[in-house]
Amino acid sequence: MRTNFLMLHTITRIVSFIVISFSVYLFFAGHNAPGGGFIGGLMMAGALILLYVSFDLTTIKKVLPFDYTFIIGLGLLIAILTGLNSMIFGDAFLTQYFDYYQIPFIGEVELTTALPFDLGIYLVVIAITLLTILTIAEDVS
Amino acid sequence: MSTLHFVALAPFIMAVLIPVFYFKFRKIHTGWFVLPLPLVLFIYLLTYIPAGGDPMNPVLNSVPWVPSLGIDFTVYLDGLSLLFSLLITGIGTLVVLYSIYYIANKNGEPLHNFYVYLLMFMGAMLGVVLSDNLIVLYVFWELTSLASSLLIAYWFHKEKSRYGALKSMLITVTGGFSMLAGFSFLYVLTGSFSIQEIIAAAGTISGEPLFITAMLLILVGAFTKSAQFPFHIWLPDAMEAPTPVSAYLHSATMVKAGLYLVARMTPVFGMLTEWFWILVIFGLTTLLWGSVSAVRQTDLKGLLAFSTISQLGLIMSLLGMSSAAMHYGAAGSEALYTTAALAAVFHLINHATFKGSLFMVVGIIDHETGTRDIRKLGGLMTIMPVTFTVSLIGLASMAGLPPFNGFLSKETFFTASLNVASMDILNLETLGFFIPVLAWTASVFTFVYCMIMFVRTFTGRFKPDNYEKHVHEAPAGLLVSPIILGGLVILFGMFPNLLAYTIIEPTMQSILPGLLNGGEQFYVNIYHWHGINAEIMMTIGVVFAGAAITLNLKKWQQTFFFNRERDPLNAVYDSMLDNLVTGSQIVTRAQMTGRLRDYMVYMSIFISALGLWTFFRYDSFAVDLGAQTPVPVYMYIITAVLLISTLALPFVTNRITNIVLIGVVGFVIALLFVVFRAPDLALTQLLVETVVVVLFLLVYRHLPEIKKESVKGWSKAVNAIVAASVGVFVILAGLSVHAMRSASDITPISDFFIENSYTLAGGKNMVNVILVDFRGLDTLLEVLVLGIAALWVVTLVKHRMKGDEDV
């Protein structure tokens, strides 16, 4: 008998997008409310793992053709570069800056250099979680 | 930044561009792009030579690097630095030119590697001699070791190259490390890393017990680098490097870094009796050992390597002797006491010229005949006339024959040794006599190996069957550099005072600054004929004794001594290396059992022992059960669930139950975070638990059945004690911290974060602000560790060992 995962697949499709959106929200909210790169990254990883678990590895690999090893390096590079950025202005490594800007229609927005740093963390966390799990999952022996 | 900073940095900048030159202009030999750099630097440095016999005014220029630790990139150019910078860039130019013809631009020849390493060395060496700050000097010093090792291993497919590279690396870096310790002691004593400030403070710190330790440690660094006995064994094995490298690093410049350091430190340590005797004894031992060992070499480069060792010992002993002048103070600035310093500086220059040319000549012979074995060579005089002439000049100079520069410096060496032997300080009146004796004996052997190289290579009958290729004279390009150096040998031999006024006097000024008053300088006049005196008799004696030994060499070669070409000290090094490897294997196997349980035990023991010891040591146990908030009923329930699930864990034999119990523990802890109003932690904990569930699902099929293991009684007891002590420690620490907080008015660090997270970092979520801003570096390094761990998982799973490999 062919097993049918219709329910699982349908729900996963919806739920994973909700979780992914929530993860992005957590990432951006991080500076002033609970959240941040680490939690957001784990949440995103959880959502992607849900996809991998309910569908199968090969399908999702086609949908998400990411090289997670590369993303680890990319995330670290982003984090280090934001750190180096402050050295150009003569401050210590990883000094973060912030300021408030008026943007039309949105209102006052705080922009910080901590955000790209957090983005680096976010990417690394997603990538290491998935890389570890996928590597073990793909191990056939 | 001054121009002098760029003198040291320019080679590094050039090195970055090398790959572009190599890959974009594949047809042109990369060396041509490198060649202008040392030439320009050499010409620029020449402008610093003081004009018209004036004393040299040192140039000092500082750029802060790590100001909080007193580390500045300070360039300091005085006579000594200038001499070395000129040697590095001058010989560097000739070596690069020579290498263009020596290493052909064939397909697959990694020329870019060669020139990147060579430029890295050049910059590092210039950095060593130009920097006034000891830490900067140390960094450049280690870079020269690294570059040297990489250059030795340039043809890394050869086993011997790798062996030599490793050996030179291990020995020189160990010495460098010891030197760093010595520098740190000097910093402790003077509070400065600046050499000039240390020299100024030398008088006040010389009584400290650390002072002699610092001297010994620094000397280990200098001796390893300058291949002094018993550390010299790396130099003969370094001869596996391409010959331009041997000519440049391993005879003219890098091995003289130790001499530079000793000369530089003479004003600091020169007043110590130990300084004089250590330098003289080790220098003379090296001189004798090197020259005796050189005699029995069959490889021309090996012969030159031991000859270099011996000449380095000669200069080292001269530097030791020159420190004797400091005991006479300013009054004794007459030639009698300063001859040793003069001889050291003069011989250093001469050695660079004649040994550089000889190495290049040997390279030519190797290149054109395909062998460097003196048992095969012979009769090259007529076939390679130009090479022969240059060698003759170089060898005669090395043997100390007039009218070449080697004769002059050998004469001053004899004069210095006789002068020192006649002094009445430092116990010299009783022990001094052996200095000229040793000097003379070593010079005899020097003469002998020069004769061997000459006779065995160039005279005799030419046997074409010994060579794999057709032997002919080298192309002009290869000959230019040795001819220039040979020309300098003659020029400095004929007109030594060209050097005296321009560079020798300022250099002596930097070695012995204490003997001069402001504005004064040394007066040096070198000439050939001093009349019939002890020195000329010694030289004549050397020639006769050397000739006698050479003529009877056939008999000597039958002896046991002669048949051992390798230095016996190599056995010590080899066995040390072997024991290091086997020893570390034993240590690793003893602790790395491969069982997670053992590692947990190690960590638990360490943490609880360290913590408990600290608590006992500072008597910090405190229990204060007052000031408690009432505990709500649900907390008892949560804690009870946590306790029960934890206690149940060891008794469960079903793996699924096991996993579920661990999950319960995790989720209850997340609940605790919620209760204590830590939403970030609770969220993280929940997510981690979720991911862990997936991980467990994945690895579940790999896990073995839980078997009833027969654990020994004592092992169980140890585990129980370890587990209990961790628990006791955590509870005690928690109680004590609580008591301390209410007892004393310690402000917890969280107050700072609460107050400042919005004003300083613009964030209302304190946890996140700490993560990305206040403690951003921690976070960065943590994710770095996580990344490495993930890559390890990939390595372990995808490239796993099959079971028959060893660590």
If a residue has to be more than 16 Å from A:L130 (Cα to Cα) and in a helix (DSSP H, G or I) to count, how many in segment A:20-56 make the cut?
8
Please enumerate the residues belonging to segment B:674-683 that are surrounded by fewer than 18 Cβ atoms within 10 Å (Cβ to Cβ) and in a helix (DSSP H, G or I).
B:V674, B:V675, B:P679
Name every residue in segment B:770-786 that is within 7 Å of another protein chain (Cβ to nearest Cβ), modelled with pLDDT under 85 and farther than 11 Å from A:G37 by Cα, in order of residue number.
B:D773
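Within segment B:94-112, is even one residue surrounded by fewer than 19 Cβ atoms within 10 Å (Cβ to Cβ) and either in contact with a Pro (Cβ under 7 Å, 6 or more places away or on another chain) or assigned to a helix (DSSP H, G or I) (or both)?
yes
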Just checking, how many residues over segment A:2-51 are without any contact (Cβ under 8 Å) to a residue 24 or more places away in the chain and at positive phi?
1
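Tell me, which helices (runs of 4 or more DSSP H) wholly within segment B:684-788 include 1 or more residues that are without any contact (Cβ under 8 Å) to a residue 12 or more places away in the chain?
Details: elements: B:713-743, B:749-761, B:766-769.
Counting at least 1 such residues, we get B:713-743, B:749-761.
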B:G727 closer than 21 Å to A:L50 by Cα and more than 11 Å from chain A (Cβ to nearest Cβ)
no
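For segment B:594-626, what are the residues that are among the hydrophobic types (A, V, I, L, M, F, W, C) and under 18 Å from B:H738 (Cβ atoms)? Show your work before the answer.
First, the residues of segment B:594-626 that are among the hydrophobic types (A, V, I, L, M, F, W, C): B:596, B:600-601, B:603, B:605-607, B:609-610, B:612-613, B:615-616, B:621-623, B:625.
Hits for segment B:594-626 are B:L612, B:F615, B:F621, B:A622, B:V623, B:L625.
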B:L649 passes all but one of the listed conditions (1) at pLDDT 85 or above; (2) farther than 22 Å from B:S725 by Cα; the exception is number (2)
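Residue-wise test of (1) among the β-branched types (V, I, T); (2) surrounded by fewer than 22 Cβ atoms within 10 Å (Cβ to Cβ); (3) touching a helix residue (DSSP H, G or I) at 6+ places or on another chain (Cβ under 8 Å); (4) modelled with pLDDT of 85 or more.
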{"residue": "B:E473", "(1), (2), (3), (4)": "no, yes, yes, no"}
{"residue": "B:S481", "(1), (2), (3), (4)": "no, no, yes, yes"}
{"residue": "B:T502", "(1), (2), (3), (4)": "yes, yes, no, no"}
{"residue": "B:M508", "(1), (2), (3), (4)": "no, no, yes, no"}
{"residue": "B:I511", "(1), (2), (3), (4)": "yes, no, yes, no"}
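To keep it simple, each residue is scored yes or no on (1) within 30 Å of B:V730 (Cβ to Cβ); (2) surrounded by 12 or more Cβ atoms within 10 Å (Cβ to Cβ); (3) aliphatic (A, V, I, L, M).
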| position | (1), (2), (3) |
| --- | --- |
| B:E535 | no, yes, no |
| B:T539 | no, yes, no |
| B:T550 | no, yes, no |
| B:K554 | no, no, no |
| B:L569 | no, yes, yes |
| B:D574 | no, yes, no |
| B:Q585 | no, yes, no |
| B:G594 | yes, no, no |
When you go through (1) at the interface with another protein chain (Cβ under 9 Å from one of its Cβ atoms); (2) modelled with pLDDT of 85 or more one by one for A:S23, which number turns out not to apply?
(1)
Where A:F70 falls short, out of the listed (1) at pLDDT 90 or above; (2) within 11 Å of another protein chain (Cβ to nearest Cβ)
(2)
The residue that is surrounded by the most Cβ atoms within 10 Å (Cβ to Cβ), considering only those in segment B:216-259 that are touching a Lys or Arg at 6+ places or on another chain (Cβ under 9 Å) and among the small types (G, A, S), is B:A247
Determine if segment B:698-720 includes at least one residue that is surrounded by 10 or more Cβ atoms within 10 Å (Cβ to Cβ) and of a type in the set (D, E, K, R).
yes
All but one of (1) within 14 Å of another protein chain (Cβ to nearest Cβ); (2) under 24 Å from B:S604 (Cβ atoms) hold for B:H738; which doesn't?
(1)
Under 9 Å by Cβ, and 6 or more places apart or on different chains, what pairs join a residue from segment B:209-225 that is without any contact (Cβ under 8 Å) to a residue 40 or more places away in the chain with one that is outside any helix (DSSP H, G or I) and of a type in the set (D, E)?
B:A214/B:E208
Of the conditions (1) buried (at least 16 other Cβ atoms within 10 Å of the Cβ); (2) of a type in the set (F, W, Y); (3) farther than 30 Å from B:W65 by Cα, the single one that A:F105 does not satisfy is (1)
Considering only segment A:31-39, I want to know if a residue exists there that is in contact with a Lys or Arg (Cβ under 8 Å, 6 or more places away or on another chain), surrounded by fewer than 21 Cβ atoms within 10 Å (Cβ to Cβ), within 14 Å of chain B (Cβ to nearest Cβ) and of a type in the set (A, V, I, L, M, F, W, C).
yes
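Out of B:F454, B:F433, I need the residue that is free of Cβ contacts under 8 Å to residues at least 24 places away in the same chain and either aromatic (F, W, Y) or not assigned by TED's automatic domain parsing to the domain that holds B:H528 (or both). Which one?
Working: B:F454 fails: free of Cβ contacts under 8 Å to residues at least 24 places away in the same chain.
Among B:F454, B:F433, only B:F433 is free of Cβ contacts under 8 Å to residues at least 24 places away in the same chain and either aromatic (F, W, Y) or not assigned by TED's automatic domain parsing to the domain that holds B:H528 (or both).
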Quick one: which helices (runs of 4 or more DSSP H) sit completely within segment B:235-297 and have at least 3 residues that are closer than 15 Å to B:Q311 by Cα?
B:257-269, B:273-295
Take the conditions at pLDDT 80 or above and either buried (at least 19 other Cβ atoms within 10 Å of the Cβ) or part of a loop (DSSP other than H, G, I, E, B) (or both) and apply them to A:I121. Does it pass?
yes
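What residue, of B:I638, B:I669, B:I607, B:I659, is touching a residue at least 24 places away in the same chain (Cβ under 8 Å) and under 30 Å from A:F27 (Cα atoms)? If you could, list the steps in order and put the result at the bottom.
Numbers: B:I638 fails: under 30 Å from A:F27 (Cα atoms); B:I607 fails: under 30 Å from A:F27 (Cα atoms); B:I659 fails: under 30 Å from A:F27 (Cα atoms).
Of B:I638, B:I669, B:I607, B:I659, the one residue that is touching a residue at least 24 places away in the same chain (Cβ under 8 Å) and under 30 Å from A:F27 (Cα atoms) is B:I669.
Could you list, in sequence order, the residues of segment A:83-110 that are outside any loop (DSSP other than H, G, I, E, B) and within 9 Å of chain B (Cβ to nearest Cβ)?
Within segment A:83-110, A:G83, A:F98, A:D99, A:Y100, A:E110 qualify.
May I ask you to verify whether B:D619 is within 25 Å of B:V726 (Cα to Cα) and free of Cβ contacts under 8 Å to residues at least 12 places away in the same chain? It would help to see each step written out before you state the result.
Details: within 25 Å of B:V726 (Cα to Cα): yes; free of Cβ contacts under 8 Å to residues at least 12 places away in the same chain: yes.
Yes; evaluated as a whole, the condition is true for this residue.
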Is there a residue in segment B:680-694 that is more than 10 Å from every other protein chain (Cβ to nearest Cβ), out of contact with any strand residue (DSSP E or B) (no Cβ under 9 Å at 6 or more places or on another chain) and more than 27 Å from B:I656 (Cα to Cα)?
no
Quick check: is even one residue across segment B:440-454 part of a helix (DSSP H, G or I) and over 25 Å from B:T308 (Cα atoms)?
no
So, B:L791, is that one under 21 Å from A:T69 (Cβ atoms), more than 9 Å from chain A (Cβ to nearest Cβ) and modelled with pLDDT of 85 or more or not?
no
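The values are calculated or read from the model by the stated rules, or taken from the named source; none is laboratory data. The shown structure was predicted, so the numbers you read here are calculated from the model rather than taken from an experiment. Please note: Cβ atoms are built from the backbone with ideal geometry, for glycine as well, and neighbour counts cover all protein chains shown.
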